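Trainee: Questions regarding the structure given below will be posed in turn.
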Amino acid sequence: MKVIKRDGRSVEYDAKKIALAIEKANNEVGSKEKVSKQQIEEIILYIESLNKKRMLVEDIQDIIEMKLMDFKKFELAKKYIVYRYNRALVRKQNTTDESILGLIRHSNKDVMEENSNKNAIIASTQRDLIAGEVSKDLTRRLLLPEKISKAHEEGVLHFHDADYFLQSIFNCCLINIQDMLDNGTVMNGKLIESPKSFQVACTVMTQIIACVASSQYGGQSINLRHLGKYLRISKLKFEKELKTKYQDKLSSEMIDSLVLDRLKTELASGVQTVQYQINTLMTTNGQSPFVTLFMHLDDNDPYIEEVAMIFEEVLKQRIQGIKNEKGVYVTPAFPKLVYVLDENNALKGGKYDYITKLAVKCSATRMYPDYISAKKMKENYEGNVFSPMGCRSFLSPWKDKDGNYKFEGRFNQGVVSLNLPQIAIMANKDESEFWKLLDERLELAHEALMCRHHALLGTMADVSPVHWLYGAIARLKPGEKIDHLLKDGYSTISLGYIGVYEMTLLMTGESQTSEKGKEFALKVMNKLSDTCAKWKKESGIGFGLYGTPAESLCYRFARIDKERFGTIENVTDKGYYTNSYHVDVREHIDAFSKFDFEAEFQPISSGGAISYIEIPNMKHNLAALEELVKYIYDHIQYAEFNTKSDYCHTCGYDGEIMINENNEWECPNCHNKDKKLMNVTRRTCGYLGENFWNVGKTKEIKSRVTHI
C-alpha cells in the first residue's frame, strides 16, 4: 500500500510509524487510558484489511481516532486529536515576522537577491517586498491547498511569484504597442492621443511601459518595429516644413540633406529617451521595468528603412552604455534586446548585415542582444516570428476570429516548476518508480497551475485599466471580466522544470550528452510536453512547457535536496542544478556542439527556451562571434552569449580589467591595483565557481559552458 502525504508525495506504507505515533500519545495519559500493544495491533490490522492500494495520511489518522473511541479510550483519543490540531496550527502559523524584519535589517538574502531589477535597500522597494512577504504567508497558509504549500516548501515543485498571488495580477506580456500608439490610450485618467512625431512616440512608449509594469509582476516586451511609422511621420513633417520655407532658396538635394540631419537628431534623442527613461523610471513596485525590446527587420514591413535606422541607433547607444553615479559608462540592465536573424541580415550577404555586425559588437561589449533565428522559429511556430515575453517564455500560436495570427496583446498567467532531480533521487534508478512519481507530481503541478488560473477568473477589467481597458492587452468595457482572455489558448500558463541533466545522470548513470542519457532526457521532455498538450486539450487553457532561466531556483532546489538527501556526487554537491534542458558547466563540449545538442530540446520546450554559451574576451573575438551568429541562424532558435565581466568597486568601472606590465591587476579607469576590490562576476547569475574552458571548431573559439 502507498500512503499519500499532505504534500502529494507517495511513500511506502509503514506499520511501525502508526505504532510509534500511538505510543507517543500513550505516554501522555494515565495507565487506565493507555491502549495495549494488542489493541495497537488491532488498529494496524484493520487498516491493512481494507486492502487499499493507496490511502491519504489524513484517512489513516481518522481511523486511528475512531478506533481509540471504540476502545473507549476517550482521553487518549482527545490527546491524539489535540496533537493533530496543534500540528495543523504549526503548519499554518504566521511566518512573516522574521522575514520582514530581515528585509529591514538587510539580512534576508533570499528575498533581497531574488530579482536583479530590484534594489532591496531603498524604501519603495522594501514596501513592495514587505507586501510580498505578507502575500507569501497568506498564500501558503490560506490560499493554496495544504499539499501544494507543503510541496513548495519541500522543493517538490516551485510555486513562482507567491509574493503577488494575493492580487489579481499576472506574469509577463507582449504589449500591444501598435494599438496604443495608433489609436491612443489613457493613463491616470488622461487621454494620450496618437503621437505626431518619433520623439513623442518614444516618450509615450516609455510611459506605457512604466504604467504596465506597475500592474503586473513579470516582464513586458515591446516590438520596436512599430516606431518605424512615427519616424516616417517625423521625416514627412521635416520635409514639409523645410520645403515650405526654403523651396525657392535651396536645391532639393540640400533640403534632403537638412531633412536627414534633423531626422537623425530626432532619432538619437528619441532612442536616448527610451534608454534613459527605462533605466531611471521606477514602477510602483520600486523597481526598473523588466523590459525586452524586440528587433526584427521584416521585409514585408512598409517602414523597414526607418526600422533599420532605429535598430542601428539603439545598438550604437547600447554599445556606448549609460554613465553611473561616478560618471563611468556602464552596461544598463534594461532594456533587454532580442535581435532576429533573417535572410536579410544573417551575415550571408543580406542588405542589413551591417546592422547584425553592429549587434555582434554590442554583444561583445554589453552582453546583449540575444539572438533568434527566424528560420528555426518559423519551423517551430507555424511560420511565425514573434518576441519572447520578458521572462523568455513564448506564447503558443493563436488566431483571431478572422483567422489572423495574434501575439501582441497576449500574456502569461503564471508558472509552476518541477524539481526533476528530486524525482530521480527518490526513484533510485528504478525507472518504473520514476515514471510513477513523475505522473504524481505532474498532477500536483497541474493542480497548482489551476490555482493560478482560478485566482485570475472573475477579475474585473477595472483592476488594471492600462491592461484591460486601454489597449496593452485588450479594450474591454468597465466592469467587464477578463475570463475569456484566460481560455481558448489566448493566454498561456507555464509548467517549468529544472535539472534535466542531473535527473539523467541519476537515472542512467551517464551524462545527458551520451546516447543513452540523451534518449532518456528526450523521453522525459516529450512526456512533459505531451502532458501539457493533454491538459490544453481537456481544458482549452493554453498550457506550455517552459524552460525557465530561473537561476535562483537552480540553487534553491539543490539546497533543499542536499539538506534532505545528503551529498550526492555531481548532483547535490555542486550547490546548483542545471537550468531546464541545458548541458552542465562541467561537460567538455564546444560551443557549436552545445548549440546542436540543445537545439533538439528547444522545439519540445515550446513554451520557453534559450541556450547559452560563454566566450572569454568577447571584445577581441568579433570574428568568432560572427561565425557563431551565422551558426545560430541555421541551427538553433534562441541563443545568447555570456562572458566574464570585471567590476571595480572603487570607481564603478564596468569593463575589462587587464593585467599590467608588472603582472598586477589594474583598473584602467582609476588605476586601482587591489584585486580584492575587483569583483569578477558572471553578468547573468553571479556564478563564482570553477572555470571550465573548451576549444570550439572554428577559429579556435574558446567557450566556457555555463550551468544556466
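The values are calculated or read from the model by the stated rules, or taken from the named source; none is laboratory data. What you are looking at is a predicted structure, and each value in this text was computed from that prediction instead of being measured. Counting neighbours? That spans all protein chains shown, and the Cβs are built from the backbone with ideal geometry, glycine included. These area figures cover heavy atoms from the full protein model, side chains too; ligands, DNA and RNA do not enter into them. Shrake-Rupley method; radii C 1.70, N 1.55, O 1.52, S 1.80 Å.
Trainee: Hey, rough spin-label estimate for D248 and L191, points 7 angstrom out along Cα→Cβ, what's it come to in nanometres?
Mentor: 4.0
Trainee: Same structure, new question: Taking the dipole about the Cα centre of region 218-296, with the C-beta of Lys and Arg at +1 and of Asp and Glu at -1, give me whichever of L227, T292, M254 is farthest to the positive side.
Mentor: L227
Trainee: Give me the net charge for the shell around D299: Cβ to Cβ below 13 angstrom, other residues only, Lys and Arg +1, Asp and Glu -1.
Mentor: Result for the local shell: -3.
Trainee: Fully extended, how many nm does the chain gain between E42 and D634 (0.36 nm per residue separation, minus their Cα-Cα distance)?
Mentor: 206.2 nm
Trainee: What aspartates and glutamates does K401 reach when the alpha-carbon gap must be under 13 Å and sequence neighbours fewer than 8 apart in one chain are set aside?
Mentor: D488
Trainee: Between K24 and N300, what length comes free when the chain is fully extended (0.36 nm per residue of separation minus the Cα-Cα distance, one decimal in nm)?
Mentor: Answer, rounded to one decimal: 91.8 nm.
Trainee: Going by average Cβ density within 10 Å per residue, which order do the peptides 143-151, 263-271 take, highest to lowest?
Mentor: 143-151, 263-271
Trainee: Would you mind classifying region 561-643 by shape? Square roots of the alpha carbon gyration tensor eigenvalues, ordered a ≥ b ≥ c; an a/c under 1.5 is rounded, otherwise it is prolate if a/b is larger than b/c and oblate if not.
Mentor: It comes out oblate by the Cα gyration axes.
Trainee: Place the peptides 226-234, 570-578 in order of packing, highest mean first, counting for every residue the other Cβ atoms within 10 Å and averaging per peptide.
Mentor: Values: 226-234: 22.7, 570-578: 20.3.
With the highest mean Cβ count within 10 Å placed first, the list reads 226-234, 570-578.
Trainee: Still on this structure: If you take the charge dipole of region 402-544 about its Cα centre, with +1 on Lys and Arg Cβ and -1 on Asp and Glu Cβ, which of V416, L469, A445 is farthest toward its positive end?
Mentor: Ranked along the dipole, the leading option is L469.
Trainee: Now, a different point. At a Cα cut-off below 25 Å, give the lysines reachable from K516, other chains included and same-chain residues fewer than 8 away excluded.
Mentor: K429, K436, K527, K574, K594, K697
Trainee: At 7 Å along Cα-to-Cβ for each site, give me the label-to-label distance between K240 and N51 in nm.
Mentor: So the two model labels end up 8.8 nm from each other.
Trainee: Tell me which of S49, V11, I22 sits at the most positive position along the dipole axis of region 1-55, charges placed on C-beta atoms (Lys, Arg +1; Asp, Glu -1).
Mentor: V11
Trainee: Continuing with this model, one more query. Express in nm, to one decimal, how much length is gained between A623 and E325 on full extension, taking 0.36 nm for each residue of separation and deducting their alpha carbon distance.
Mentor: Taking 0.36 nm per residue and subtracting the Cα distance, the gain is 103.9 nm.
Trainee: Using a 1.4 Å probe on the protein chains only, how many percent of the accessible area of region 557-620 belongs to carbon and sulfur?
Mentor: Carbon with sulfur: 45 percent of the solvent-accessible area.
Trainee: When only DSSP loop residues count, what trypsin sites (Lys or Arg not before Pro) in region 422-465 have their Cβ near at most 15 other Cβ atoms within 10 Å?
Mentor: Answer in residue order: K429.
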